[in-house]
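*Asks:* Next up is a structure, given as structure tokens.
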Amino acid sequence: MKIIPSKRIEKLSSAIFTEMANRKKDLIKKGIDIIDLGIGSPDRPPDPELIKELIEAVKKPEVYGYPSFQGNDQFKQAIADWYQFRFGVQIDPSHGEVLVLMGSQDGLAHLAQGFVDDGDIVLVPDPGYPIYSGSVHLAGGTLYPMPLLQENDFLPDFSNIPKEVLQKAKLMILNYPSNPVSAVAPIDFFQEVVALAKQYDIIVAHDMAYSELSFDGYRPHSFLEAEGAKEVGIEFNSLSKSFNLAGVRVGYVVGNAEIINPLMMIKSNIDFGVFEAVQILATKALQRDIQSPNQSYKVYQERRDVLVDGLNQLGWKMDKPKATMFVWAPIPKGWTSYRFAIELLDKTGVVVIPGDAFGIHGEGYVRIGLVQEIKRLKEAIQRIEASGIF
Ligand SMILES: Cc1ncc(COP(=O)(O)O)c(C=O)c1O
């Protein structure tokens, strides 16, 4: 029998990610010591106090039933309290303004199915985190990539989007602080987004998974801080990066209840929510954060300084990001992102991701993850120096 997956599934895989992973495996087999700066996952464990909370939670017999899939009341309240504390934004958990997710990926992956019929347009950042386009492909929608260019501070230029596209657009996905470009958005930009969304009836979904990983005293804005934002949009957030809890799979979406509702309906048909013990853990994490704000960002800030200063000294020039766990590094002239990443891997054993893996406007860059300890980052710098690439 011939087994043929759907065309939608084919569109989900990125050949570049697969190729990098295969090359890495081959080199490991040959005994090469790989320094993997390609992954986008925290490398440190969570605070030991949080692990203790989880241990206590799993001892409770009552956590083993089906969870309350929208999120338990305590967790939803903790999310609302945290939004008030962190951004001064009011969220009403008792009126559908919060939905708990199995990581923000869960919500982002299902989002477009809640709004998009065949052919409806979705505006996505290019380069952008792959599930934004993945979600649109799964829903059978049509992508309209919004180029994120350095000359525009990696913000989309709405004046370049044709009016017919804006008229047909159902949804816009944004992400600040952003993966992979590590850009941040001023509140004025979010205000502009609200105005555009109102003018053209476009639903806005903002992904803020990196809200807490910001540096040098900079604090990213929530989209919901913009006036009128809750009339047009929702915001995804996650405990994966802020609390090193990527493996427990917990995140949430907040904002406009009418926009959250279709997502909730989809999820109520697909899963039955997040394990109660995990929701207890996540509640404690947010409550603790209000008492004593977490310092996870410090690790990445220090790594950023070591990596960017070291590479700049070698002549590989790049800016220091204000947030996220990535550096978006322009590659030297004469290379494509892909050829450069392969050359780097073959000559130094250092894995970075070619920018075009995230969309065509990522060409000319590589994404370097700050996901190894400083000793390994220094070693990566030494290897790059010895390679003679610069
Ligand atoms: C921009 C962005 N959004 C969302 C996610 C998904 O995170 P999670 O599902 O762990 O909350 C990631 C993970 O790397 C990400 O980089």
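The values are calculated or read from the model by the stated rules, or taken from the named source; none is laboratory data. Small disclaimer: the values here were computed from a predicted structure and weren't measured. As a convention, Cβ positions derive from the backbone with ideal geometry for all residues, glycine included, and neighbour counts pool all protein chains shown. Side chains are part of the model used for accessible areas, which takes the heavy atoms of the whole protein and leaves out ligands, DNA and RNA. Shrake-Rupley method; radii C 1.70, N 1.55, O 1.52, S 1.80 Å.
*Asks:* Considering region 124-154 alone, what residues qualify as being within 20 Å of residue 263 (Cα to Cα), away from the ligand (no atom under 16 Å from the Cβ) and not in a helix (DSSP H, G or I)?
*Replies:* 140, 141, 142, 143
*Asks:* Right, something else. I'm checking my understanding of the structure. Among residues of region 13-53 that are surrounded by fewer than 13 Cβ atoms within 10 Å (Cβ to Cβ), of a type outside the set (Lys, Arg) and in a loop (DSSP other than H, G, I, E, B), which one is farthest from the chain's Cα centre (by Cα)?
*Replies:* The selected residue is 31.
*Asks:* So residue 67 ticks every box in (1) open to solvent by less than 30 Å² (accessible area, probe 1.4 Å); (2) within 16 Å of the ligand (Cβ to nearest atom); (3) of a type outside the set (S, T, N, Q) but one. Which box is left unticked?
*Replies:* (2)
*Asks:* When you check residue 375 against the structure, is it out of contact with any Ser or Thr (no Cβ under 9 Å at 6 or more places or on another chain), assigned to a helix (DSSP H, G or I) and surrounded by fewer than 17 Cβ atoms within 10 Å (Cβ to Cβ), yes or no?
*Replies:* Judged against the criteria, residue 375 is a match.
*Asks:* Looking at 239, 224, can you tell me which residue is within 18 Å of the chain's Cα centre (by Cα) and open to solvent by less than 10 Å² (accessible area, probe 1.4 Å)?
*Replies:* The unique qualifying residue is 239.
*Asks:* Could you check region 309-348 and list, in sequence order, the residues that are among the acidic types (Asp, Glu) and in a strand (DSSP E or B)?
*Replies:* Correct list: empty.
*Asks:* Note down all Cβ pairs under 8 Å where the first residue falls in region 99-114 and is at negative phi, the second is within 12 Å of the ligand (Cβ to nearest atom) and among the acidic types (Asp, Glu), and they're at least six residues apart or on different chains.
*Replies:* 104/207; 108/207
*Asks:* Okay, next question. On the basis of being at pLDDT 95 or above and either under 14 Å from the mean Cα position of the chain (by Cα) or not hydrophobic (A, V, I, L, M, F, W, C) (or both), does residue 246 make the cut?
*Replies:* yes
*Asks:* Next question, about the same structure. Test of understanding: among 229, 209, which residue is open to solvent by less than 20 Å² (accessible area, probe 1.4 Å), within 11 Å of the ligand (Cβ to nearest atom) and hydrophobic (A, V, I, L, M, F, W, C)?
*Replies:* It is 209.
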